[in-house]
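Every read-out reported here was derived from the displayed coordinates using simple, explicitly stated rules and does not represent laboratory data. Quick caveat, the model's predicted, so the values are computed rather than measured. Reconstructed Cβ throughout: ideal geometry from the backbone, glycine too, with neighbour counts over all protein chains shown.
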């Protein structure tokens, strides 16, 4: 898949129709139009890559374990979302998802005081919250022998 290469269809073992071409922008400085990719499976690049843009990727699953495997089946881990009214399922997923931020029943919640950071290839360190200060600190260990005994 190439987001700016003029492709209309993303190929995998299933095909899905989406419009990810840069020429869909109609005016200078216009944002990329939203796209949806459905019937995406694990061998499709769009289901594994970190896409920055208004792209919704729909990956069907049959079991919760399969949903978790799809969510964690990438080298990235910036954000994840869980939509459920079952607090036990929410906790189960939140504990197992490999992501720096997990949103439940909404998207992009939290303020300046909540840490923001990714896992795996989605960044290093954390922004916002008191955790962000650790990005600017460096630990040094100094050992001094004060006596000859």
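For the reader, a short list of remarks on this structure follows.
- Gain in span if fully extended, residue 95 to residue 65, counting 0.36 nm per residue against the direct Cα distance: 9.5 nm
- Spin-label model distance (nm) - residue 41 vs residue 139, 7 Å beyond Cα toward Cβ: 4.6
- At R0 = 22 Å, FRET efficiency that the Cβ-Cβ distance of residue 85 and residue 114 yields, to 0.05: 0.45
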